[in-house]
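To start, the structure under review is shown below, and the notes come after it.
The values are calculated or read from the model by the stated rules, or taken from the named source; none is laboratory data. Being a predicted model, the structure only gives us computed values, none of them experimental. Cβ: placed from backbone, ideal geometry, glycine included. Neighbour counts: every protein chain shown.
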Amino acid sequence: MSNAIALAPRPEATGPAAPKPVPVQPAPAAIVAPPAPPAAPVFVPMPPLRAAIYAGASILLGLTQGLGLNLVSANLTGLQGPLHATQIEIAWLTAAYMATNITGTMLLYKVRTQFGLRRFAEIGLVIYALVTIAHLFSNDLRSALAVRAVMGIAAAPLSTLAFYYMLEWLPPARKLTLGVTFGVLGGQLAVPIARVISPDLLELGDWHGLYLIEAGLAMLSLAVIYILPITHPPRVKVFDREDWISFPLIAAGFGSTAIVLSVGRLYWWFDAPWIGVLLAVSIASLTLVVIIEWHRAHPIIDLRWLSSYDMLTLTGSFLLFRFLLSEQSVGAIGLFNSIGLQNDQLIPLFTIILAATLAGYLFTACVISPANGPRLHLAALILIAAGAWMDSRVTNLTRPEQFYVSQAMIAFAGAMFLPPALLVGFGKAIARGPMGILSFLVVFLGTQSMGGILASAILGTFQTVREKFHSSVIVEHLTLQDPLVAQRIRAYGAAYSKVLPDPALQNAEGVVALGKLASQEASILAYQDMFLLIFYVALAGIALLAAHTAYVRYRTTRLAALTPA
């Protein structure tokens, strides 16, 4: 009974003395902090000696890529005799290189992502070195063409590797300034260096000297790639079945275009039927590439992004400056070759160009920033316009000494343009991700290689047309009824009096000599027109840059006004 009473519930106490029940609050749930974002990799500075080694490796890879093209293109005349080729046939060496180089550039990103860039470079350099060494034992143009074609593919990853080796030792804040500036330095220095060292190489070993230094640079670059590691993203399988359709079309389209632009002017555009066939193949192949890539889920090239206003503007600026900088390679060099000067007589000029290029890159590295890009481009256009105007006053008495200042200005301008443009392009490409980087690399490398031969084809054709025009005007006034013309013919013919006693033969030789001088004068007048053309194009570039800058500022201001606070 007592137990039952004890277990029964007691009645609650009532009255004023009874305490009020306190409601029990549930325990607050534990606040779980969101997961911390993954920490950015901490940059560990390299020791100064190791950093210098990586920077030197970048310069070496750039020189290997640049000299591989320019050593041969700078000595095409000297290679004609050893390879038993005519002036037109020897030009196929440049065409073979460019035709394969552009295709290798297209392959670059996917090969790097799936197999690794170092492996692509290693295989290409090994094959190139072996083919070059084998070519030293033959004097055949066909083997030389094979070497050029292999070099075009092997050199495709070298310029990109030069970038990566320069970026490897720099802190993140400097990668898009110093890295972009000095990443292209080796390739740009190769152009004047090839002209400076090629006379000594030809003296030491004839054309073998050129190929020996190319093979040596290829093996040095191979050793650098094996010894010095660089950071690579994880490998991902990116090739698919549609690539087996796109890549052959790209090779056919760009390869045919490169061949036509390289040698079309020499055969003349409307005289060789095969030029039209190659152009038709090029247009059809590239049209199919655009159709296929536009509808692919994972295209090789992001054509939708490349067709945007910003990328079209960037591509146009690359092509414009590549055209303007051809004032050196096509204008100045072509002029002195037409006068009869060779590389050994142009060494002081190219030494000054080399020093001006290096000084330009050092200056640009000190002032480069996204805000300074338009200012640097404007200064570069002004320097090019001034240099082309100075060169337009050329005469038959002009020698390299009169070109020292103007060519130094143009070389300095080239160094001021390229790094800021790359800075803007890489900034946009990084925002787009890996596909954007590939598309930008295609634009940059394509405009540098294809733009170079396109500018050479346009300016060379313009010079040829203007030369024919001036020649016809000059010949109209060369008649034997003119006493000055008759006197000049007799003076030129008198130089042959010791070997040609017949006065009629002497007069014939005098007519030939006068004709050569007339052709040379017509050629010099045509180069005057070429320099003036580049001057006017540079002025147009200044106007376009001003209009583009004003449009960008207007668009930025309008977006800022429409954006709510």
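Structure values in brief
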| read-out | value |
| --- | --- |
| Residue identified as within 26 Å of Ser73 (Cβ to Cβ) and surrounded by fewer than 17 Cβ atoms within 10 Å (Cβ to Cβ) among Ala379, Ala388, Ala415, Ala359 | Ala359 |
| Any hit, segment 252-268, residues being among the aromatic types (Phe, Trp, Tyr), more than 28 Å from Val131 (Cα to Cα) and modelled with pLDDT of 85 or more | yes |
| Unmet criterion (only one of (1) assigned to a helix (DSSP H, G or I); (2) within 22 Å of Gly81 (Cβ to Cβ); (3) polar (S, T, N, Q); (4) modelled with pLDDT under 80) for Ser198 | (4) |
| Verdict on Ile225 being out of contact with any His (no Cβ under 7 Å at 6 or more places or on another chain), among the β-branched types (Val, Ile, Thr) and modelled with pLDDT under 80 | no |
| Qualifying residues in segment 196-227 (those that are in contact with a Phe, Trp or Tyr (Cβ under 9 Å, 6 or more places away or on another chain) and among the small types (Gly, Ala, Ser)) - the one farthest from Ala154 (Cα to Cα) | Gly205 |
| Test set (1) under 17 Å from Val537 (Cα atoms); (2) modelled with pLDDT of 90 or more - Phe417 fails condition number | (2) |
| Some residue of segment 61-80 being closer than 26 Å to Pro172 by Cα, among the aliphatic types (A, V, I, L, M) and either surrounded by fewer than 19 Cβ atoms within 10 Å (Cβ to Cβ) or modelled with pLDDT of 85 or more (or both) | yes |
| Positions within segment 48-95 being touching a residue at least 24 places away in the same chain (Cβ under 8 Å), outside any helix (DSSP H, G or I) and under 14 Å from Leu202 (Cβ atoms), in sequence order | Ala74, Asn75, Pro82, Leu83 |
| Only one of Ala526, Ala486, Ala455, Ala508 that is crowded, with 17+ Cβ neighbours inside 10 Å, hydrophobic (A, V, I, L, M, F, W, C) and farther than 30 Å from Val180 by Cα | Ala526 |
| Residues satisfying the stated conditions in segment 483-506, i.e. part of a loop (DSSP other than H, G, I, E, B) and within 52 Å of the chain's Cα centre (by Cα) | Ala495, Tyr496 |
| Selection count, segment 65-81, where residues are closer than 18 Å to Leu136 by Cβ and in contact with a Leu (Cβ under 7 Å, 6 or more places away or on another chain) | 5 |
| Pairs, first closer than 14 Å to Ile259 by Cα in segment 272-301, second modelled with pLDDT of 80 or more and assigned to a loop (DSSP other than H, G, I, E, B), C-beta under 7 Å, six or more apart | Ile275/Trp269 |
| Odd one out for Ser262 among (1) in a helix (DSSP H, G or I); (2) more than 30 Å from Asp391 (Cα to Cα) | (2) |
| Yes/no for Glu467 being buried (at least 18 other Cβ atoms within 10 Å of the Cβ), charged (D, E, K, R) and without any contact (Cβ under 8 Å) to a residue 60 or more places away in the chain | yes |
| Number of positions in segment 130-155 that are in contact (Cβ under 8 Å) with a residue 60 or more places away in the chain, among the aliphatic types (A, V, I, L, M) and in a helix (DSSP H, G or I) | 5 |
| Residue match in segment 104-126 (condition: at pLDDT 80 or above and surrounded by fewer than 18 Cβ atoms within 10 Å (Cβ to Cβ)) | yes |
| Residue that is surrounded by 17 or more Cβ atoms within 10 Å (Cβ to Cβ) and of a type outside the set (Lys, Arg), where the choices are Val277, Val290, Val260 | Val260 |
| Scan of segment 458-489 for residues that are over 17 Å from Phe321 (Cβ atoms) and of a type in the set (A, V, I, L, M, F, W, C), ordered by number | Phe462, Val465, Phe469, Val473, Ile474, Val475, Leu478, Leu480, Leu484, Val485, Ala486, Ile489 |
| Counted residues, segment 532-564 - those being in contact with a helix residue (DSSP H, G or I) (Cβ under 7 Å, 6 or more places away or on another chain) and closer than 20 Å to Ala379 by Cβ | 10 |
